[in-house]
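Reading through the structure tokens given below for one structure.
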Amino acid sequence: MTKAQTSGAGEGQLQNRAEISDTVQRDTIPSGTSDSLQVVVNGIQTTIKYYAEDSIITRLISNKTFLYGNARIEYGDINLAAERIIIDRNKNELTATGVQDSTGTWLGRPVFKDGPDVFDTEEIRYNFESQKAYIKGVATKQQEGFLRGEVVKRNADQSAYIKDGKFVPCPDDPEAGTYIKAKKIKINPGKNIITGPFLLYVGDIPTPIGLPFGYFPDTQEATSGILFPKYGDEQRRGLFLKEGGYYFAWNDYIHTALTADVYSKGSWATTLRSVYKKRYKFTGQFNVTYNRNLTPEYELERLDSKDFWVSWSHQPDSRGRNARFSASVNAGTSTYNQNNLSTTNISNNIRSEFRSNIQYSGTIPRSPFSYSFSARHNQNVQTGIIDVALPEMSLNMNRIYPFKGAEADVLSKINLGWRFNASNQITNIVRPGSAGFDIANRATAVDTITVGFDTLGELLDNAKNGARHNVDLSTSFSLLEHFNFSPAFRLEELWYLEELQYEFLEDQNAVKIDTVNGFSRAMTYSASVSMSTQIYGMFNMKRSRRIEAIRHIMSPTISFSYRPDFSDPKYGYYQEVQVDTTNGGSTRLLSKYDGFRFGTPSLGESAALAFGVSNKVEMKVKSDTANSKKVALLESLNFSGSYNFLADSFQLSPIAITARTTLFDRKLNINAGATLDPYTYLTQVSETGTETLRRVDALAFRSGQGLGKITNARFSLSTNLNSRASASAGAGGFGGESLAVGGSGFDNQNPNEFGSLNDGGGDLAARMGEYFYDPNAYVDIEIPWNVRLSFDYNYRWAASGSTTRKSVKAYGQLALTPKWQVTYNTGYDFDVKDFTTTSVGLYRDLGCWEMRANWIPFGAFTSYTIDIQIKSSVLKDLKISRRRSQFDNGARTF
């Protein structure tokens, strides 16, 4: 690097581009006039690199260097750029300013960078030795906005004092009219921001919203702190404070929020929410809520309920591990979702069943064995029936090929598989069994046990447990090249710790059932052989300009299986018992394992022929290019059934029919299915003149009733359209705060398909996830429109009559402008003649602010919320809210 040369004492020396054409270029110093100098910092001489496009002037008398024209200085992590910079070696200080052009416009104002911090200023003075700075007219970008100040004094530890400062909570608009203004501000980087008295300005107009001092965390990491409650009132529960509490950031792995709700008329609730994450190992969240809805006795429709709900989700990262632990728990009182509107998923209020599963599974290294231990829970909130499988375990062996190296194909493909399952099931439903006769010592009707600690013994007595072994031996081979055969032999053994013993009590005309404790086993076996092939049919379209050919693929399968009659006395699994005194006493074969955990050996001998045919129709068409493409006309059309040669009646099973295809370049999905009963139904007239239908053992086509009777059928249409053809089916939405669909008539719903309801601030659970996983979560308004429509039709026929169910559902979003978005979901049940749970959402991007409005216009959960709040999470609780809950809708029944 060249050094400045002087032409005389006291004279300045001008160095321009022409005079330094031989300057050695470095990576950190751009082309142009450049130089370096030595300054003393903390007693150590340090080199400062500087550069200027116009000129560098050094005055030896004053020991100052002047940089003109896009000047820059590099000093460690400090980088300064300005139109004019003066370096004073005597004071170890630099001064940087901009200049005004002929129109009075400022050019080249100083930009000061110190590590990650960037300051746009009007003027800056910096002392190299003390590392302090005096800055005028500063503007710096913070994590979620901009900080401005008339004068800033910055210390060596990077703390700063700001005079006449203001914070603009708008990361995209430093000139926004919404800001917090304070006379004095102190910044402790990475720790906090402390202010004196401050006011909130909206539209550059001061508001009465302010405090005598302010304290704001300034850290990239989550910190513990107070959660301020939301306030409002309800017609039935009174004034409230909701979701107030404390946020515990225990460490980098787990955070917890403990909150409470209080209502003036006596209701209250408390919630514990935790999220946790260990990188490359697991993530999860745990929530438990207790709600006490209570209003005074003088209320006409008094509320009085106690409910709790527990949810737990744990997802492992099992990469490179032999074992994994996962959990999905949703359980609580049966009335919880009816008494407490879910603001994170409306479908929870309508769902009748909730399931839970906890599992630990893995593989045994260098062996074909895998294992799992689990606990399952199934709860029907309408019937109050609860089933808990605790514990369950399984041990499986992957198929092994003992003759893998054999030359014969049939031997090399012989494989053996083994599975072992053990389970203990606890249920609160008491069933009388499937006997269908009078029982002397047991309940004759279905009953339920109240779930509680006081009934724990009764629940355990009602538990069902057992174990099951399955062994499969099979192989496969081809015959005549086109036919594939797969013979198999299956063995099953059941283990129980008890069995049933029957005795007919003639004086009571009933059967007494005793339970005999002790190990009991039952082994069954069966054999089968199946054959499959594929048949192709091609029709060439020679005269068509666009369609080249149509191909039909038919895949028939036939299998024969045999199973002996395990009610034979030689097996000892069934007992012939007199069940009444009619005609000298009729007898029945009753299983020793009736109603047990893994069932009982089959009754009756079976030699069945199962058959099925799968069809697919494709069309080959010419595209706009030279290539051709295949188009599926019919993706699948399947028929299946079976025929039992040894059955004494009704040897042919019902025929199952399914079909599936798509139209309009996969934009319309069509699914259909039906069950055909091939037997005859005859009308019988009783003595009272009542007509009933009776199924008889005669095929329908022989009785002039056609191919049979459709006993059930289903048909559905669905489509997903949006303005971007490449968008995925799940694209768009309100992120974690869009609306949820609900209603009857919609099967196979994904609970996350339609998002969730924004309750205007009661989204702490979602926000905890955002803080912990993604602090930059946002609302997606990229897709101008998105529509999802579906139609479902279900038909069921029985001898007593037929029922149909028709429903349609719709979900969509529409971006009216880049800042306006509307979402909706609704449905209509044609049989009930009513709409399903319907909701409408509105989002408006207001720059620094955002507005969210949600409305459920009718039904049990009629409500609305309107919230206008600042986007910045630092001021997230600064909002204007208006809401009406389901408790404001007058009388409700709980």
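The values are calculated or read from the model by the stated rules, or taken from the named source; none is laboratory data. Since the model is a prediction, treat every value here as computed from it, not as a measurement. Cβ coordinates were reconstructed from backbone atoms using ideal geometry, including for glycine residues, and neighbour counts include every protein chain displayed. Protein only, heavy atoms only, side chains kept; ligands, DNA and RNA dropped before computing areas. Shrake-Rupley method; radii C 1.70, N 1.55, O 1.52, S 1.80 Å.
Annotations for the structure displayed:
- Residue check for Tyr201: over 25 Å from Tyr126 (Cβ atoms), among the hydroxyl-bearing types (Ser, Thr, Tyr) and at pLDDT 85 or above: yes
- Per-region count, the range 92-129, residues under 27 Å from Gly196 (Cβ atoms) and open to solvent by 50 Å² or more (accessible area, probe 1.4 Å): 6
- For the criterion of being surrounded by fewer than 15 Cβ atoms within 10 Å (Cβ to Cβ) and not in a loop (DSSP other than H, G, I, E, B), Arg714 fails.
- Selected residue (criterion: least open to solvent (accessible area, probe 1.4 Å)) from residues of the range 58-73 that are in a strand (DSSP E or B) and farther than 23 Å from Lys136 by Cβ: Thr58
- Some residue of the range 784-801 being among the basic types (Lys, Arg) and farther than 29 Å from Phe715 by Cα: no
- Within the range 361-376, residues that are over 11 Å from Ser394 (Cβ atoms) and touching a residue at least 24 places away in the same chain (Cβ under 8 Å) reach partners that are open to solvent by 70 Å² or more (accessible area, probe 1.4 Å) and part of a loop (DSSP other than H, G, I, E, B) with beta carbons closer than 7 Å, at six or more positions or on different chains, in the pairs Gly362/Asn322; Thr363/Asn322; Pro365/Asn322.
- The residues of the range 154-167 that are touching an Asp or Glu at 6+ places or on another chain (Cβ under 9 Å) and at pLDDT 85 or above, listed by number, are Arg154, Ile162, Lys163, Asp164, Gly165.
- Filtered residues of the range 860-872 (kept if closer than 30 Å to Asp792 by Cα, open to solvent by less than 40 Å² (accessible area, probe 1.4 Å) and either of a type outside the set (Ser, Thr, Tyr) or in a loop (DSSP other than H, G, I, E, B) (or both)): Phe861, Thr862
- The conditions of being surrounded by 16 or more Cβ atoms within 10 Å (Cβ to Cβ) and touching an Asp or Glu at 6+ places or on another chain (Cβ under 9 Å) are met by Leu875.
- The set of residues in the range 630-649 that are loosely packed, with under 15 Cβ neighbours inside 10 Å and outside any strand (DSSP E or B) comprises Phe645, Leu646, Asp648, Ser649.
- Of all residues in the range 129-177, those satisfying the criterion of being among the hydroxyl-bearing types (Ser, Thr, Tyr) and over 16 Å from Pro116 (Cα atoms) are Ser130, Tyr134, Tyr161.
- Among the candidates Asn627, Asn615, Asn583, the residue that is of a type outside the set (Val, Ile, Thr) and crowded, with 17+ Cβ neighbours inside 10 Å is uniquely Asn615.
- Of all the residues in the range 590-612, those that are open to solvent by less than 20 Å² (accessible area, probe 1.4 Å) and among the aromatic types (Phe, Trp, Tyr) number 1.
- Residue that is open to solvent by less than 40 Å² (accessible area, probe 1.4 Å), outside any loop (DSSP other than H, G, I, E, B) and touching a helix residue (DSSP H, G or I) at 6+ places or on another chain (Cβ under 6 Å), where the choices are Thr675, Thr662, Thr680: Thr680
- The residues listed here are Ser640, Ser606, Ser649; of these, the one that is of a type in the set (S, T, N, Q) and closer than 30 Å to Ala389 by Cβ is Ser606.
- Among the residues making up the range 683-702, those that are on the phi < 0 side of the Ramachandran plot and out of contact with any Phe, Trp or Tyr (no Cβ under 9 Å at 6 or more places or on another chain) are Thr683, Gln684, Val685, Ser686, Glu687, Thr688, Thr690, Glu691, Thr692, Phe701, Arg702.
- Check on Val577, within 47 Å of the chain's Cα centre (by Cα) and either surrounded by 14 or more Cβ atoms within 10 Å (Cβ to Cβ) or not in a strand (DSSP E or B) (or both): no
- Which numbered condition Ala81 misses (of (1) within 25 Å of Gln158 (Cα to Cα); (2) open to solvent by 40 Å² or more (accessible area, probe 1.4 Å); (3) under 56 Å from the mean Cα position of the chain (by Cα)): (2)
- Residues being open to solvent by 80 Å² or more (accessible area, probe 1.4 Å) and in contact with a Gly (Cβ under 6 Å, 6 or more places away or on another chain) - total across the range 444-479: 0
- Strands (runs of 3 or more DSSP E) contained entirely in the range 465-549, each with at least 3 residues that are touching a residue at least 24 places away in the same chain (Cβ under 8 Å): 483-505, 510-532
- Residue among Asp845, Asp831, Asp867 that alone is farther than 30 Å from Thr178 by Cα and of a type in the set (D, E, K, R): Asp831
- In the range 227-250, the residues that are modelled with pLDDT of 85 or more and open to solvent by 70 Å² or more (accessible area, probe 1.4 Å): Leu239, Leu241, Tyr246, Trp250
- Residues that are of a type in the set (A, V, I, L, M) and either within 11 Å of Thr557 (Cα to Cα) or surrounded by 12 or more Cβ atoms within 10 Å (Cβ to Cβ) (or both) within the range 524-546 comprise Ala527, Val529, Met531, Ile535, Met541, listed in sequence order.
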